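What follows is a single structure, written as structure tokens, with notes after it.
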Amino acid sequence: MKDEVIKFVELMLSELNRIIKIMEVCGTHTVAISRAGIRGLVAPKIKLISGPGCPVCVTDDKDIDKIFQLAEKGVTILTFGDMVKVPCDGKTLYTMKAEGADVRIVYSPIDAFKTAMKEPSKKFAFVGVGFETTAPTIVGALELAIKQELKNFYIISFMKTMPGPLKFIAGHPELKIDGFILPGHVSTIIGRKAYEFLETEYKIPSIISGFEPQDILVNLKELSLAIMKNEARVINGYKRAVREDGNPKARELLERYLEPCDAYWRGIGKLEGSGLKLKKEYEKYDAEVQFGLVERSVKEARGCRCGEVILGVIEPTNCPLFGKTCTPGNPVGPCMVSFEGTCSAYYKYGE
Ligand code: SF4
């Protein structure tokens, strides 16, 4: 098997007449590529770089500070585990918990809803972080809260959508990406057609991929060939899960409760229409509105270069803190915190 894989990769690389730069946009791909050693296997002819596909990593410090504001106001924070370790302005939700804030880890948005149901005398805010894949599950919890007329359950929404950062990266004059491996999970919701701007506006070949090493290698070959032939196509290399129009029912659920808003992305800045917030008619569940959260100035972690890692400008190993003062046990930035973070994947599996 190993020999066959090496032959396959050698054949793929022999068809390339120059070094090509491909970005895997999704954090799950970053982990799969690192764990299977694909990055090293295809280097140096294919330079695989990681993009802004880890939702915790791209959540901006300004937004993390808003979660801190909620905790300061006595609201109980319900969040997935990664978020409690993200440092911002010298503290984390963990350190705030140690100082008395009520911060609890939940395993799903429905868990968050159930927690609020059980303790009606307390106010709970669920930290809604994620892309198009996670958003329907968050909206599912919101829908339950609306039906049950819960008065103590709120969502702080940092949900984001993928086309915005893809357009930013595709149009960036210095990044010069030859091709994208597009996120498989997000694509199950938004569908292949949602990326057509990559072929029409930016002329960049791209492929939607699954997450098995075989998926990634076969799709890398197809994408490399498209790059060599200058064929700016959006290829569906994950047909067993992704349809042309994605999942209209899930999108309809999102459209019922959410609307696009401008959002901050770490490393990128504000991108118009790239976030999702609760519609005005549901704002009594919107923690940001109900608790009057404001944008405060926060200090970035000194020396952390997550912003450049997220854009693929540098590799984690180019950060002077990597593996020294910054490790998964003692993360300086979010890219080392999250399981899907690029720095964490490089630390665990090597380059
Ligand atoms: Fe930030 Fe740590 Fe990654 Fe450096 S190694 S960019 S400090 S997360």
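For the reader, a short list of remarks on this structure follows.
- Verdict on E272 being acidic (D, E), closer than 30 Å to I204 by Cβ and within 14 Å of the ligand (Cβ to nearest atom): no
- Residues of the stretch 273-295 that are charged (D, E, K, R) and touching a Cys at 6+ places or on another chain (Cβ under 9 Å): K277 alone.
- Being touching a residue at least 24 places away in the same chain (Cβ under 8 Å), under 16 Å from V289 (Cβ atoms) and either of a type outside the set (D, E) or in contact with a strand residue (DSSP E or B) (Cβ under 7 Å, 6 or more places away or on another chain) (or both) is a condition met by no residue of the stretch 160-169.
- Matching residues, the stretch 308-344, being free of Cβ contacts under 8 Å to residues at least 60 places away in the same chain and touching a strand residue (DSSP E or B) at 6+ places or on another chain (Cβ under 8 Å): P316, C319, M336, C343
- Among the residues of the stretch 259-266, some residue qualifies, meaning at least one is within 16 Å of the ligand (Cβ to nearest atom) and on the phi < 0 side of the Ramachandran plot.
- Hits in the stretch 271-301 (condition: under 21 Å from the mean Cα position of the chain (by Cα) and surrounded by fewer than 13 Cβ atoms within 10 Å (Cβ to Cβ)): E272
- Meets criteria (part of a helix (DSSP H, G or I), of a type outside the set (A, V, I, L, M, F, W, C) and in contact (Cβ under 8 Å) with a residue 24 or more places away in the chain) for N236: no
- Test set (1) of a type in the set (D, E, K, R); (2) buried (at least 22 other Cβ atoms within 10 Å of the Cβ); (3) over 24 Å from P183 (Cβ atoms) - D3 fails condition number: (2)
- Per this entry, I177 is not counted among residues that are in contact with a Phe, Trp or Tyr (Cβ under 6 Å, 6 or more places away or on another chain) and either within 18 Å of L220 (Cβ to Cβ) or in contact (Cβ under 8 Å) with a residue 60 or more places away in the chain (or both).
- For the stretch 299-349, residues that are touching an Asp or Glu at 6+ places or on another chain (Cβ under 8 Å), of a type in the set (D, E) and closer than 16 Å to L48 by Cα total 1.
- Where L144 falls short, out of the listed (1) under 21 Å from the mean Cα position of the chain (by Cα); (2) at pLDDT 95 or above: (1)
- With respect to (1) crowded, with 16+ Cβ neighbours inside 10 Å; (2) touching a helix residue (DSSP H, G or I) at 6+ places or on another chain (Cβ under 9 Å); (3) farther than 20 Å from Y94 by Cα; (4) among the small types (G, A, S), the lone exception for G341 is condition (3).
- Residue in the stretch 168-189 that is within 26 Å of P136 (Cβ to Cβ) and either among the basic types (K, R) or modelled with pLDDT under 95 (or both) present: no
- Long-range neighbours under 8 Å by Cβ, at least six apart or interchain, first residue within 16 Å of F180 (Cβ to Cβ) within the stretch 210-222, second charged (D, E, K, R) and in a loop (DSSP other than H, G, I, E, B): G210/R240
The values are calculated or read from the model by the stated rules, or taken from the named source; none is laboratory data. Quick caveat, the model's predicted, so the values are computed rather than measured. A quick note on method: Cβ atoms are made from the backbone with ideal geometry, for glycine too, and the neighbour counts reach across all protein chains shown.
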